[in-house]
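Inspection log for the structure reproduced underneath, given as C-alpha cells.
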Amino acid sequence: MKKKNKKMKPMVKNFWLGKTPMWINFWILGLVFPKLYFLGVLMVLTEFGVGLSFSFANFIAIHSLIPLYLIWGIPTWRSAQIYKGKKLWSSLTQLFVIFKCGSAVLGIFFKDFVLYMFP
C-alpha cells in the first residue's frame, strides 16, 4: 500500500506543476474526464437519489464540475507554458482554460449560464 502512495505523490505533484504532457491535460483530463464524471454523477443521482428530479440532479452534477475545472485549469495552464511545440497549440490551450474556468466561475452566479455552457 505504501508503494502505491509513493508513486501517487510524484504523479499528482507533476500534474500540479504542469509537467505532464499537455495533450493528456487537455484531451483526457479537460474533455473526456469531465463528460464521464458528469454522466456518472447524473446517473447515480437519478437512479439512487430518491425523490430527486432530473433537473435538480442535473444542477448538482453541473455544480460539482466547477471545482474540478478550477483544479484542472491551473496545471493545464502551466503545462501550456512549458509546452515546447508550436506556440499556436499552447495559446489555444490557454484560451480554452480561460473559457472553461471563466464559465465555471460565472456559473456560480448565473445558473442559466452554466446550463448553457456545460453539458
For region 54-119, treating each Cα as an identical point scatterer without solvent, what Debye log10 I(q)/I(0) comes out at q = 0.11, 0.16, 0.27 1/Å? -0.30, -0.56, -1.08
I need PHE99, PHE48 ordered by Cβ neighbour count within 10 Å, fewest first. PHE48, PHE99
Set the bar at 22 Å for Cα to Cα. Now go through LYS19/LYS86; LYS19/LYS84; LYS9/LYS87; LYS19/LYS87 and name every pair that lies beyond it. LYS9/LYS87
Relative contact order as a percentage, region 54-119, C-alpha pairs under 8 Å and 6+ apart, gives 37 percent
Backbone HN-Hα couplings from phi across region 90-97 [Karplus 6.51/-1.76/1.60, Hz, Gly and Pro as x]: 5, 5, 5, 5, 5, 5, 5, 4
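Laboratory data are not the source of any read-out in this text; all were calculated from the coordinates shown. All of these numbers come straight from a predicted model, not from anything done at the bench. As a convention, Cβ positions derive from the backbone with ideal geometry for all residues, glycine included, and neighbour counts pool all protein chains shown.
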